[in-house]
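Please treat every number below as a calculation from the coordinates, not as lab data. Fair warning: this is a prediction, and the values are worked out from it, not measured in the lab. Here Cβ is always computed from backbone atoms with ideal geometry, including for glycine, and neighbour counts include all displayed protein chains.
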There are 2 protein chains.
Amino acid sequence: MSTPGRGLHGRVLDALGPAITAGEYPPGSVLRTDELSQHFEVSRSVMREAVRVLESMHLVESRRRVGVTVRPRAEWNVYDPQVIRWRLAGADRPHQLRSLTVLRSAVEPVAAGLAARHATAAQCAELTECALGMVAHSRGHELEEYLVHDVAFHRVILTASGNEMFARLGDVVAEVLAGRTHHEVMFEDPDPAAVTLHVQVAEAVREGDAPRAEQLTRAITTGALQELDVLAP
Amino acid sequence: MSTPGRGLHGRVLDALGPAITAGEYPPGSVLRTDELSQHFEVSRSVMREAVRVLESMHLVESRRRVGVTVRPRAEWNVYDPQVIRWRLAGADRPHQLRSLTVLRSAVEPVAAGLAARHATAAQCAELTECALGMVAHSRGHELEEYLVHDVAFHRVILTASGNEMFARLGDVVAEVLAGRTHHEVMFEDPDPAAVTLHVQVAEAVREGDAPRAEQLTRAITTGALQELDVLAP
DNA sequence: GTGACATATAAGTCTGACTTTTTCGCCGGT
DNA sequence: ACCGGCGAAAAAGTCAGACTTATATGTCAC
């Protein structure tokens, strides 16, 4: 999914990033680059590159004569897809999943409304195709196939909104949906009501009915929130 | 405001980042690290650190035997505060401002609703204080003082929502509001109706009236959108 | 035309020496 | 006891050069 092993510094990041976001090095901790480079058995130059990336994510701050200090969580760039992935893989996965779902509940309805106004014919076609795909795999425990179409559906909505900020949340939504399917309790088939709502959203967008698209999508996201409340109270 | 000149690689970024986001190096362009390091008169190690940061922002991709290629805009990490600042400083500032305002219109109402449920007494106090400050400077062309309280107001709302993703948008909102005051046409005093709405939002949050806080905030953001439509059609 | 192989290219890595900034502790003065 | 300056140490920052590795591309035989 991501880009594993794109060089030595990447492998260092894949080890250090999750460790920091998991709180293994709590905020305020001080690291030293040459200790780290010894620990990971890489040269200082490679280590420095990794630290620079962590610094650009506001996970750490590097200062002379003091070292590399871990920043408080409130300052982290929590929208960085890499950071999101690290946190979803770590201990506070439930908390992170809730934050992201709340974000979805704010963004997706508005995005759907905009999509109803701006979607091209091709995007409308793709949307209905996705909705049909969801219907086709909504029974019989075909969760993986269902997930693929679900993700595609929301991606099209976000893209068709015409807003680049919304479009970039496609990856985030994909992570949330995948996380829900793979790690939460989800033995049963998806909620039939949710499936119907998706089909109706596709309809509304196709007909250019922005308020209806928005309201239906709001129903979807509040459903997702309630589901989360039930599973992780 | 930001962190200027935190090392040589930082200065390189401050030159290269805006150049890329401004389209000076269009997507697909290929740069070579040693050419760049000569151009900026820094060592290759410094240049490599800068490239790593740009890579973590998904602005460029570094591949062996090819060089550093600029990625298409659709792949940029547009939520990175640094990227936002670069783009706001560049040519497509109006476009960026619109994207961010649409994002605000999606997020802030939901955040206000959550704030009404979760805000502490101290946060409520701060909120009303901000609202009063806005009222106090709403006439007589005291735009700067007004801006300070406006930014603080929205920051408190986003923080009080209790959602870390929302809270982190405080900087973005601050940039948008500052941009509107400083660079757009804004000779007149702020809209009295908007001022009143802010006071009412503070009330609603204090009283724990989530639906009202949400709806009032929605009125604020749609007003901001309409204002943008008038100024930059 | 197709496939295997050689080659050139640019990024990637490592090492060691040097510089710069900043903290902390020491010391003397008040 | 307090404060201000002074010096030393510590850690990041910078640089230069040599070497390694992956890979795109072109060449040649078939």
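Find which of A:GLY208, A:VAL107, A:TRP86 sits farthest along the positive direction of the dipole of the protein assembly as shown, computed with +1 on the beta-carbon of Lys and Arg, -1 on that of Asp and Glu, about the Cα centre.
Selected residue: A:TRP86.
List the distances, in nm to one decimal, from the label point of B:GLU145 to the label points of the same position in every other copy, shortest first, placing each label point 7 Å from Cα along the Cα-to-Cβ direction.
6.8
Once the Cα atoms of helix A:192-207 and of chain A are each reduced to a long axis, what angle between those two axes, in degrees from 0 to 90 to the nearest 10, is obtained?
80 degrees
Out of the trypsin sites (Lys or Arg not before Pro) in region B:88-155, which ones are loop residues according to DSSP with at most 12 other C-beta atoms within 10 Å?
Those that pass, being in a loop and sparsely packed, are B:ARG139.
Considering the dipole of the protein assembly as shown built from charges on the beta carbon (Lys and Arg +1, Asp and Glu -1) around the Cα centre, which of A:ALA224, B:VAL12, B:SER138 is farthest to its positive end?
The Cα lying farthest towards the positive end belongs to B:VAL12.
What FRET efficiency, computed as 1/(1 + (r/R0)^6) with R0 = 30 Å and r the Cβ-Cβ distance, is obtained for B:ALA136 and B:GLN215, rounded to the nearest 0.05?
0.75
If you draw the axis that swings chain A onto chain B, which residue of A has its Cβ closest to it, and how far is that in whole Å?
Checking which Cβ lies nearest the axis yields A:TYR79, 2.
Using only Cα atoms, tell me the angle between helix A:8-21 and the longest principal axis of chain A; keep it within 0 to 90° and round to the nearest 10.
80 degrees
How tilted is helix A:170-183 with respect to the longest principal axis of chain A? Cα atoms for both, answer in degrees (0 to 90, nearest 10).
In chain A, helix A:170-183 runs at an angle near 90 degrees to the longest axis.
Using only DSSP helix segments of four residues or longer, with each worth -39500 (n - 2.57), what per-residue ellipticity at 222 nm results for chain A after dividing by its residue count and rounding to 500?
Theoretical 222 nm ellipticity from helices: -22500 deg cm²/dmol.
If each label sits 7 angstrom from Cα along the C-beta direction, how far apart, in nm, is A:GLY28 from its counterparts in the other copies?
5.3
Evaluated at 10 °C with a viscosity of 1.306 mPa s, what Stokes-Einstein diffusion coefficient in µm²/s does the protein assembly as shown have when Rh comes from the Kirkwood expression over alpha-carbon pairs?
67 µm²/s
Within region A:149-233, list the chymotrypsin sites (Phe, Trp or Tyr not before Pro) lying in a DSSP loop whose Cβ has at most 12 other Cβ atoms in a 10 Å radius.
A:PHE187
Just the Kirkwood number for region B:92-231, please: inverse of mean 1/r across all distinct Cα pairs, in Å, one decimal.
One over the average 1/r among Cα pairs gives 14.7 Å for region B:92-231.
Which loop trypsin sites (Lys or Arg not before Pro) in region A:1-76, with loop taken from DSSP, have no more than 16 other Cβ atoms within 10 angstrom of their Cβ?
A:ARG6, A:ARG32, A:ARG64, A:ARG65
Just want to confirm a number: the relative contact order over chain A, from Cα pairs under 8 angstrom separated by 6+ residues, in percent.
The value is 20 percent.
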